[in-house]
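Shown next, in structure tokens, is the structure this report addresses.
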Amino acid sequence: MAILLRTCGRTDASFALCDQADCVERTMLTEVVRAGTWRKLGDLQQTVAAFERALALDPANWSLCLDLADVHAEQGDFTSAVRMIDEGMGYEPTELSLRAAGAAYRARLTGSRADLSELIELAPNLPNDSYRELLIDQACAGPALPAELVAAARRIQNR
């Protein structure tokens, strides 16, 4: 219900419902809903705080690590994004989205040719087109990446 309220623009009511749920029991899902509401409001610091509380409640959840990494990347903090990806990989090392995000965020952080090549290999298999495009955009903005690899990554976007 809190998600529906958020979608309808009733963010105060969404937060209030999350607070009511906390009175019964604090859960990871309530913190994820809270994080999504803060994100809709554009408050990335509060989004990170809510995702961190969710991860504290469910520490082995690789998906929360990916969510946190994506928010850190949105903030331009690629060091923290890579750290969260590495944490998630400890729980689910074969997860495609984690591997692709890790390659993208490392390429952005370090300008690694190998990481951009890995993203180029993984990206066509990502099921979400907009997420694939976002990761490619992030990676291609890395420092001193070879033009031919950036062009190859961009061709994947234009399929």
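The values are calculated or read from the model by the stated rules, or taken from the named source; none is laboratory data. Nothing here was measured: the structure is a model prediction, and the numbers come from that model. So basically every Cβ, Gly included, is an ideal-geometry build from the backbone, and we count neighbours across all protein chains shown. Heavy atoms of the whole protein, side chains included, go into the accessibility calculation; ligands, DNA and RNA do not. Shrake-Rupley method; radii C 1.70, N 1.55, O 1.52, S 1.80 Å.
Per residue, the solvent-accessible area of the chain (1.4 Å probe, heavy atoms of protein chains only, all protein chains present) comes to 51 Å².
Placing +1 on each Lys and Arg Cβ and -1 on each Asp and Glu Cβ, with no other charges, gives the range 1-138 a dipole about its Cα centre of roughly 200 debye. Relative to the dominant Cα principal axis of the chain, helix 129-140 is inclined by about 60°.
Under a GNM of the chain (C-alpha, springs under 10 Å), which listed residue has the highest mean-square fluctuation: A141, A16, A54? The residue that fluctuates most here is A16. A cut-off of 5 Å between modelled amide H atoms, ignoring neighbours fewer than 5 places along the same chain, links L145 with no other residue. Comparing T27, T37, T47 in a Gaussian network model of the chain, where Cα atoms under 10 Å apart are tied by springs, the biggest mean-square fluctuation is seen for T27.
Counting 0.36 nm for each residue step from L29 to A144 and taking away their Cα separation leaves a gain of 37.4 nm. Here the Karplus relation 6.51 cos²θ - 1.76 cosθ + 1.60, evaluated at θ = phi - 60°, turns the backbone of the range 17-28 into coupling constants of 5, 4, 4, 5, 4, 4, 5, 7, 6, 6, 10, 4 Hz, with x for every Gly and Pro. Could you tell me the center-to-center distance, by alpha carbons, between the range 63-86 and the range 97-146 in angstrom? The range 63-86 and the range 97-146 have Cα centres spaced 13 Å from each other.
Probe radius 1.4 Å, ligands and nucleic acids ignored: give me the carbon and sulfur share of the accessible area of the range 1-96 as a rounded percent. Here carbon and sulfur together make up 54 percent of the probe-accessible area.
By the scheme Lys and Arg +1, Asp and Glu -1, what is the net charge of all other residues having a beta-carbon under 13 Å from that of S112? Don't jump to the answer; show the numbers that get you there.
Values: positive: R106, R108, R113; negative: D115, E118.
Computed value for this residue: +1.
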